[in-house]
Amino acid sequence: MKTYSISIVLVFFSVCCNAQTITQKIEKVVKLLQQDTQMKHAIMSLYVVETKTGKPVYALNEQVGLAPASTQKLFTSVAAFELLGKDFRYKTEVGYDSIIENGALKGNLYITGYGDPTLGSWRYAQTKRDSVLNKILIALNKAGIKKIDGDVIMDDSKFSYQPLPGGWIWDDIGNYYGAGTWAINWNENQYDLLLKPGNKAGDDVTIIGTQPLLADISMSNLLKSGKPGSGDNGYIYMAPYSTEGFVSGSVPAGEKSFTLSGALSYPALQFGKELLSFLTTQKINTTSHVKTSHDFAINNMTVYAKQLTTLYSPALDSITYWFLQKSINLYGEALIKTMAYQNNSIASTDKGVELLKDFWSKNGIEKSALNIVDGSGLSPQNRVTTKALVTALQYAKDKNWYSSFYNALPMYNGMHMKSGTIGGAKAYAGYHTSKSGVGYTFAIMINNFDEAGGNIVPKMYKVLDELK
């Protein structure tokens with residue numbers, strides 16, 4: 001007969017009971033949440049595993065596909081780390097055709113883009129608009145170019161002509177978070193609409209201008225002043241490549257100024273206009289016009305350039321940091337097209353989604369569990385499972401780039417996790433280590449809860465608190 005020391009028995013009993021206890025605790029708070037009036041017509045999914053072993057701790061509807069909102073960015077970012085590498089950098093080439101003679105470029109200046117979503121971004125010192133423009137100026141000065149006889153050609157042909165995923169809705173398109181993605185992006189494809197609200201509700205709102213100054217854009221103003229303190233209820237509507245748009249809704253009355261952030265309808269054209277204006281102020285003589293690769297496609301012209309310099313983005317780990325921290329949809333859509341392009345495919349959303357699903361099907365996630373149409377989660381058509389989210393997070397933990405990925409995750413409720421929010425949907429997915437030292441990987445999603453019933457977030461936090 002075998003005998004065991006009392007200490008070993010107690011340790012075994014403590015471990016077993018602790019695992020059972022946390023499962024029971026989660027079950028208790030989940031049942032309370034499901035009985036909440038906000039959940040009457042909602043569906044909830046929750047999946048929790050021990051990070052170290054992958055052992056399931058709790059599962060509820062873990063195989064049901066729900067709208068993940070921005071937690072979908074986890075699939076894109078993990079795949080990008082693996083397929084592109086944490087040191088991957090985007091490039092933008094500056095070149096010319098013809099010859100340089102007596103300080104004059106007897107041809108065109110070319111900007112050739114490869115999808116860099118950080119070009120002109122204010123988030124990094126080297127990508128700010130002034131920094132980019134000055135780097136181009138330095139390259140021209142080094143080449144001895146004091147005059148441009150030709151045009152400024154913005155070659156954005158490396159990405160598909162369609163800048164938007166098909167599943168995005170009209171209310172999002174035209175606003176900064178619904179910006180399209182091109183081979184040439186600029187200022188995160190964003191601009192600010194500067195407004196002066198009226199003194200009382202119902203008053204007209206005046207458009208003061210834009211920052212930066214938009215090239216060849218007109219905006220119909222349907223905005224009204226809402227009640228003081230009513231917040232941002234204004235929406236900008238403008239289709240890609242359009243020169244006309246409108247703004248409607250309301251902004252709070254009594255404010256000295258108010259800003260709505262919109263999406264550039266064609267960033268390559270905006271960048272080209274800003275570049276041309278800048279060069280003129282820097283005594284680079286030119287009567288150039290800005291043309292895009294779209295113009296060349298129409299006219300069946302050949303694009304050829306000799307290189308002057310190459311502009312590089314920050315490394316992928318830096319891009320991912322802001323991608324996840326600030327949930328920048330533009331970055332996700334750029335990454336998904338880039339992965340397709342680097343795979344010798346067409347740099348389109350559809351090809352990127354296909355590649356992403358293929359990648360995850362080879363790494364433990366059934367394609368039917370990843371029913372997606374974009375790289376950022378903005379589309380309400382997306383459906384994924386909490387088990388798929390946890391599988392992606394578990395895949396990441398053993399990679400040499402894991403620390404970069406982990407540190408990019410925002411902190412909510414004292415936990416490293418990505419959030420997701422769209423109409424009627426809220427989600428969180430990430431990692432947490434309990435006070436007892438046990439690490440957990442988790443994903444929680446609720447769809448179709450009653451938004452009029454209050455804030456669902458504290459109630460979700462109460463469930464996740466059991467992991468602490």
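The values are calculated or read from the model by the stated rules, or taken from the named source; none is laboratory data. Computed from a predicted model, the values in this text were never measured in an experiment. Neighbour counts run over all protein chains shown; Cβ positions are idealised from the backbone, glycine included. Protein only, heavy atoms only, side chains kept; ligands, DNA and RNA dropped before computing areas. Shrake-Rupley method; radii C 1.70, N 1.55, O 1.52, S 1.80 Å.
Number of residues in region 258-283 that are in a loop (DSSP other than H, G, I, E, B) and surrounded by fewer than 22 Cβ atoms within 10 Å (Cβ to Cβ): the value is 2.
Answer yes or no as to whether residue 245 is closer than 29 Å to residue 206 by Cβ and over 25 Å from the mean Cα position of the chain (by Cα). It is false that residue 245 is closer than 29 Å to residue 206 by Cβ and over 25 Å from the mean Cα position of the chain (by Cα). Considering region 201-217, and only residues there that are open to solvent by less than 60 Å² (accessible area, probe 1.4 Å) and closer than 22 Å to residue 267 by Cβ, the residue that is farthest from the chain's Cα centre (by Cα) turns out to be 207. Within region 116-138, being of a type in the set (Val, Ile, Thr), surrounded by 16 or more Cβ atoms within 10 Å (Cβ to Cβ) and not in a loop (DSSP other than H, G, I, E, B) holds for 127, 132, 136.
Here residue 452 fulfils each of the conditions (1) among the small types (Gly, Ala, Ser); (2) in a helix (DSSP H, G or I); (3) surrounded by 16 or more Cβ atoms within 10 Å (Cβ to Cβ) apart from (3). Among the candidates 309, 338, 292, the residue that is more than 28 Å from residue 349 (Cβ to Cβ) and β-branched (Val, Ile, Thr) is uniquely 309. Residue selection: residue 61 fails the criterion of being surrounded by fewer than 19 Cβ atoms within 10 Å (Cβ to Cβ), within 29 Å of the chain's Cα centre (by Cα) and free of Cβ contacts under 8 Å to residues at least 12 places away in the same chain.
Residues checked against (1) surrounded by fewer than 17 Cβ atoms within 10 Å (Cβ to Cβ); (2) over 29 Å from residue 94 (Cα atoms); (3) modelled with pLDDT of 95 or more:
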{"site": "154", "(1), (2), (3)": "no, no, yes"}
{"site": "157", "(1), (2), (3)": "no, no, no"}
{"site": "165", "(1), (2), (3)": "no, no, yes"}
{"site": "169", "(1), (2), (3)": "yes, yes, yes"}
{"site": "176", "(1), (2), (3)": "no, no, yes"}
{"site": "187", "(1), (2), (3)": "no, no, yes"}
{"site": "192", "(1), (2), (3)": "yes, no, yes"}
{"site": "196", "(1), (2), (3)": "yes, yes, yes"}
{"site": "199", "(1), (2), (3)": "yes, yes, yes"}
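The set of residues in region 427-436 that are open to solvent by less than 40 Å² (accessible area, probe 1.4 Å), more than 19 Å from residue 167 (Cβ to Cβ) and outside any loop (DSSP other than H, G, I, E, B) comprises 428, 429, 430, 431, 432. Of everything in region 383-417 that is more than 23 Å from residue 372 (Cβ to Cβ), polar (S, T, N, Q) and outside any loop (DSSP other than H, G, I, E, B), the residue that is least open to solvent (accessible area, probe 1.4 Å) is 404.
Would you be able to say whether some residue in region 358-370 is in contact with a strand residue (DSSP E or B) (Cβ under 7 Å, 6 or more places away or on another chain) and either surrounded by fewer than 17 Cβ atoms within 10 Å (Cβ to Cβ) or of a type in the set (S, T, N, Q) (or both)? Within region 358-370, not a single residue is in contact with a strand residue (DSSP E or B) (Cβ under 7 Å, 6 or more places away or on another chain) and either surrounded by fewer than 17 Cβ atoms within 10 Å (Cβ to Cβ) or of a type in the set (S, T, N, Q) (or both).
Does any residue of region 227-247 turn out to be of a type in the set (S, T, N, Q), surrounded by 21 or more Cβ atoms within 10 Å (Cβ to Cβ) and not in a loop (DSSP other than H, G, I, E, B)? There is no residue in region 227-247 that is of a type in the set (S, T, N, Q), surrounded by 21 or more Cβ atoms within 10 Å (Cβ to Cβ) and not in a loop (DSSP other than H, G, I, E, B).
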